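S.K.: First the structure, which I've put down as C-alpha cells, then a few questions once you've had a look.
The values are calculated or read from the model by the stated rules, or taken from the named source; none is laboratory data. Values in this document were obtained by computation on a predicted structure and should not be read as measured data. All Cβ positions, glycine included, derive from the backbone under ideal geometry; neighbour counts span all protein chains shown.
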Amino acid sequence: MTSVDNWRLVVMQPTATIMEAMTVIDRGAMRVALVVDKRYRLLGVVTDGDIRRGLLSGVALAESVVKVMCDRPFVANIEDSQEKILSLMTAKTIEHIPIVDSAGLLVGLKTLRELARPRQKDNWVVLMAGGLGSRLGTLTKECPKPLLKVGSKPILELILESYIASGYHRFFLSVNYKKDMIKEHFGDGSKWGVSIDYLEEEERLGTAGSLALLPESPTEPFFVMNGDLLTRINFNDLLDFHNQQESSATLCVRKIEQTIPYGVVEVDRQQLVAIEEKPTHSYFVNAGIYLLNPEVIPYLSGAANSDMPDLFRQIIDKGHETAAFPFFDYWLDIGQQGDFYQACQDYQELFSC
C-alpha cells in the first residue's frame, strides 16, 4: 500500500512554532501537518482548524505547535486496506489519516481526496473555446467568453474541473479569439494535475473543424464539448451509454417544450378543420456535448470550416452507427447576456453549496 507521495513535506518537529505549521500546511497543500519526534514517532496532527481554534483562544503564533495539535489522532496501520481506511475516515468524518507501522512510526499519509478519487480514464476531452461570444456584447469585449466568471471561477474552469472530478486528465482547448488570455490562465494544466494542449485556429474552423488540428489520432472515444455550458451532466454515464450503443458518434440532447401563445388553426382550403388553443410542442435539441470514436477523424481532413452537424451528417452518410443521449441534469447554454446572468444566479443556488 502506498500513501500520498509528498507526505514528507508536511512533517515537522514539536519544537516548531504555530507560524511554521501554517507554512507547512500551505506548502503541502493537504491542509494538515504531522508532528513527529526524531525517530519519526507520530506525536500529533495539526489542521488549519486546530490553528484557528488555538488563535481564537489566545494562543500566539510564536508558541509551540504542540499547543494546538491533536495528540490523539486517528491512525491507520500500514497493513490496512484502502477500503478499511476509507471506511474509517468516512465514519469519523476526517479528511486525513496518518499511516503508522507496528512501532507507531510514521510511514505515510492518506487523504480522503486520494481515496475517493475516481479511476483515471484515458479518454481525451476537447473543449471548444475559440468563439467570439459576440452575442454577449460588452461582456466579451475585453475577455473571451470561456473566461467570464460564473461564481468565483471562469466558465471553462468549471467545465474542466467537472471532467477532472470524473477521472479525466488529458485535455485539448481549441482557441482563437483572445487565445493568449486563455493559454495564460490554464497553462499546461499542471495546476490541476492534468495535461492541457492547445488547438490554435489561425482562422475560425467551426465547432468540428479544429479537431483536424489534433496532433495525433486518439485511441479511445473522446469527448467534444462547447466551452460555454454550465451543466451537471454525468460524463461517465455518457461514456457508458456510448459504448453500450456501439456508436461511432453520440450527440447529447435536451428535451424542450415550446408553447405557442395563440390558438393554432388547422385549415383545409377554406374549410376550418380544428382549433387548438396554445398547444405545446416538444423537441430534442443539440446540447453541445459529443462523444466521438477515432474513426470519424478522417472525415475532417480538407474541411476548411466544419460544424458538428456537418460532421454527424457525414458519419450517418458513411453508414456508421450514431446515437442520441437524452439527459435531464441541469444544463444551460450561455449564449446571450440573459443566459450569463441566469448562470450566475443558478450557480449560487445549485452549485456553490
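S.K.: If you check V264 against the conditions, is it surrounded by 11 or more Cβ atoms within 10 Å (Cβ to Cβ), in contact with an Asp or Glu (Cβ under 6 Å, 6 or more places away or on another chain) and either basic (K, R) or not assigned by TED's automatic domain parsing to the domain that holds L238 (or both)? Give the derivation first.
M.R.: Numbers: surrounded by 11 or more Cβ atoms within 10 Å (Cβ to Cβ): yes; in contact with an Asp or Glu (Cβ under 6 Å, 6 or more places away or on another chain): yes; either basic (K, R) or not assigned by TED's automatic domain parsing to the domain that holds L238 (or both): yes.
For V264, the condition - surrounded by 11 or more Cβ atoms within 10 Å (Cβ to Cβ), in contact with an Asp or Glu (Cβ under 6 Å, 6 or more places away or on another chain) and either basic (K, R) or not assigned by TED's automatic domain parsing to the domain that holds L238 (or both) - is met.
S.K.: Out of the stretch 308-324, which residues are acidic (D, E) and assigned to a helix (DSSP H, G or I)?
M.R.: The answer is D310, D317.
S.K.: Among all residue pairs at least 6 apart or on different chains, which show Cβ distances below 6 Å where the first residue, located in the stretch 232-244, is assigned by TED's automatic domain parsing to the domain that holds D329 and the second is part of a loop (DSSP other than H, G, I, E, B) and not aliphatic (A, V, I, L, M)?
M.R.: Listed pairs, sorted by first residue: R232/D329; R232/Y330; I233/F327; I233/D329; F235/S166; N236/S166; H242/P221.
S.K.: In the stretch 149-188, what count of residues is obtained for those that are closer than 20 Å to V224 by Cα and touching a residue at least 24 places away in the same chain (Cβ under 8 Å)?
M.R.: Number of matching residues: 27.
S.K.: Scan L291, L350, L311 and give me the residue that is buried (at least 17 other Cβ atoms within 10 Å of the Cβ) and either under 22 Å from the mean Cα position of the chain (by Cα) or at pLDDT below 85 (or both).
M.R.: Checking each option against the conditions leaves just L291.
S.K.: So for the stretch 335-347 (the condition being assigned by TED's automatic domain parsing to the domain that holds K153 and part of a loop (DSSP other than H, G, I, E, B)), does at least one residue qualify?
M.R.: Yes, that holds for at least one residue.
S.K.: Can you confirm whether D228 is within 15 Å of the chain's Cα centre (by Cα) and either among the charged types (D, E, K, R) or outside the structural domain of A324 (by TED's automatic domain parsing) (or both)?
M.R.: It is true that D228 is within 15 Å of the chain's Cα centre (by Cα) and either among the charged types (D, E, K, R) or outside the structural domain of A324 (by TED's automatic domain parsing) (or both).
S.K.: Return the total of residues in the stretch 236-257 being in contact with a strand residue (DSSP E or B) (Cβ under 7 Å, 6 or more places away or on another chain) and surrounded by 11 or more Cβ atoms within 10 Å (Cβ to Cβ).
M.R.: Count: 14.
S.K.: Spot the failing condition for A343; the list is (1) of a type in the set (G, A, S); (2) under 27 Å from Q244 (Cα atoms); (3) surrounded by 10 or more Cβ atoms within 10 Å (Cβ to Cβ), and only one is missed.
M.R.: (2)
S.K.: Related question: What's the total number of residues in the stretch 45-72 that are surrounded by fewer than 14 Cβ atoms within 10 Å (Cβ to Cβ) and touching a Leu at 6+ places or on another chain (Cβ under 7 Å)?
M.R.: 1
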